[in-house]
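Heads up, the thing below is written out as C-alpha cells.
A short reminder: the numbers here are calculations on the coordinates, not readings from a lab. Since this is a predicted model, take the numbers as computed values, not measurements. Cβ placement follows ideal geometry from the backbone for every residue including glycine, while neighbour counts extend to all protein chains displayed.
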Amino acid sequence: MSLCKLENPSTLENAMQLMIQTFHKYSGNEGDRFTLSKPELKELLVTELGNYLGNAQDKEAVDKVMGDLDSNNDGEVDFTEFIILVGALTVACNDFFQDQKDKQEKKKGANPQ
C-alpha cells in the first residue's frame, strides 16, 4: 500500500495528502526540511490559512502561534505540531458553524412561517 500515490483517493485521503504536501511545500526552505522555522510558519499561515487567521501578518500573533505549537521548545514546528494546529482550527470551525446552524434553527422555530 502506497500512502503517497493512491489511484482513487477518498475525500478524506485527499485531504490528508494535501496537508502533507502543504507542510512540505513550506518546510525546509531554510534549515531542517522536516520542520517549519518561524519565517516558514509565517509564510504558511499567511498564504494557506489567512482566511481563518486574519492577523497572521502580525509578528506577535505569529510568535504566539509558534510558542503554542512548539511543544518541545526547539524553535521549529514539526509535522505533528502542525497537525495539532490544523486539527484545532478544524474543531474551532466546526464549533462555529454548528453554533451558527443552531442559531438559525432557533430563529426558524421562533418565527414559524
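By how many nm would the segment from Lys108 to Asn72 lengthen if fully extended, with 0.36 nm per residue of separation less the alpha-carbon distance? Please list the in-between numbers first.
Working: separation 36, 0.36 × 36 = 12.96 nm, distance 4.80 nm.
Length difference between fully extended and current span is 8.2 nm.
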(request) Give the calculated FRET efficiency between Asn8 and Val86 to the nearest 0.05, with a Förster radius of 22 Å applied to their Cβ-Cβ distance. (result) 0.40
(request) State whether the range 9-93 is rounded, prolate or oblate according to the following rule on the C-alpha gyration tensor (a ≥ b ≥ c being the square roots of its eigenvalues): a/c under 1.5 gives rounded; otherwise a/b larger than b/c gives prolate, and the remaining case gives oblate. (result) oblate
